[in-house]
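Structure first, commentary second.
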Amino acid sequence: MPQSTRRSGAPVSVFRVPRTSTVDLIAVELRNAIFSGALPVGGQIGEVEISSQLGVSRSPLREAMQRLVQEGLLTATPGRGLRVSKIGPEHVADLYAARKAVESESLRLIMKRGDADALSRLDAAFSTLIEVSEGTDARAIGNADIVFHQTLVDAAGSRRLSHYMSTLTIETRIASFSSPNGYAVRRSVSPTYETLLGAMRDGDVDAALAALSMQFDDAVSRLIGKDADVETVETPPDAIPPSFEPIIDSPRA
């Protein structure tokens, strides 16, 4: 789940970077804002407003925004500036194919090592998902789900896989936000999680991979509107979290 170490009460985010340049910090804030919905899908990026809220000049903001363009999170339109990208139903299967590649390889690496610590961390993340799914906070449920999958990838110990996953999790959230019905998540936890964890305990790689694949197939069907039988918890499209706060100790360069 997204995790912010900058200030208490900030939107949850999945990104962990060392405190280096102002551009790095701005890029993290922009990614977090897209993930949380503070910057809504399809929404235009207002340089003046954002730079003022973050307490930075427009030069490092523009550099940070270009990074997100390269990542596909922002889209540049000639004469119209930058907007938060949309991911429509036609791209959801491709998104989950990429996630499957990253998470399946992470799973193989963990199971090849017989990593008991990784399994313990996944059990804890699963327990959190179960707990929050008893409530009606769609964002909390979605965040807990993402925490589970980010934990899976991080436990593989591959910096590159974790980096790819951090972008894919934002794209997954963008795909959910892009739905005309608003942001929605499963009310009940998919049984594929228990199947996956059980297969990992048994050392059955094929069964674990099959459970992950089934989970993703179900998610794709739900996001493209082909699985209307699954009960969901929804967040209205206008339920947008607060906007930016200034970057602490950041110079106005």
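Here ARG160 passes the criteria (1) within 17 Å of the chain's Cα centre (by Cα); (2) buried (at least 18 other Cβ atoms within 10 Å of the Cβ); (3) modelled with pLDDT of 95 or more except the one numbered (2). List pairs: first in the range 177-189 and under 18 Å from MET214 (Cα atoms) and charged (D, E, K, R), second open to solvent by less than 60 Å² (accessible area, probe 1.4 Å) and assigned to a loop (DSSP other than H, G, I, E, B), Cβ under 9 Å, 6+ apart or cross-chain? Pairs that qualify, where the first residue is under 18 Å from MET214 (Cα atoms) and charged (D, E, K, R) and the partner is open to solvent by less than 60 Å² (accessible area, probe 1.4 Å) and assigned to a loop (DSSP other than H, G, I, E, B), are ARG186/SER133; ARG186/VAL230; ARG187/SER133; ARG187/VAL230.
Can you tell me which residue is nearest to ALA140 (Cα to Cα) among those in the range 176-205 that are modelled with pLDDT of 95 or more and buried (at least 21 other Cβ atoms within 10 Å of the Cβ)? That would be LEU196.
Here the range 116-153 is the region considered, the condition is being under 28 Å from LYS86 (Cβ atoms) and more than 13 Å from the chain's Cα centre (by Cα), and the residue that is most open to solvent (accessible area, probe 1.4 Å) is THR136. Taking residues in the range 125-148 that are under 14 Å from GLU194 (Cβ atoms) and in contact (Cβ under 8 Å) with a residue 60 or more places away in the chain, and partners anywhere that are among the aliphatic types (A, V, I, L, M) and assigned to a helix (DSSP H, G or I), the pairs with Cβ atoms closer than 6 Å and at least 6 places apart or on different chains are LEU129/ALA144. In the range 25-66, the residue that is most open to solvent (accessible area, probe 1.4 Å) out of those that are polar (S, T, N, Q) and outside any helix (DSSP H, G or I) is GLN44.
Does ARG83 satisfy the condition of being touching a helix residue (DSSP H, G or I) at 6+ places or on another chain (Cβ under 6 Å) and either touching a residue at least 12 places away in the same chain (Cβ under 8 Å) or of a type outside the set (Lys, Arg) (or both)? No.
With respect to ARG108, determine if the residue is more than 16 Å from the chain's Cα centre (by Cα) and assigned to a helix (DSSP H, G or I). Against the criterion (more than 16 Å from the chain's Cα centre (by Cα) and assigned to a helix (DSSP H, G or I)), ARG108 qualifies. Please count how many residues of the range 87-105 are touching a residue at least 60 places away in the same chain (Cβ under 8 Å) and either over 12 Å from VAL220 (Cα atoms) or in a helix (DSSP H, G or I) (or both). The total comes to 13.
The values are calculated or read from the model by the stated rules, or taken from the named source; none is laboratory data. None of the values given here were measured: they were computed from a predicted structure. FYI the Cβ positions are ideal-geometry reconstructions off the backbone, even for glycines, and counts take in every protein chain you see. Side chains included, ligands, DNA and RNA excluded: accessible areas come from the protein's heavy atoms. Shrake-Rupley method; radii C 1.70, N 1.55, O 1.52, S 1.80 Å.
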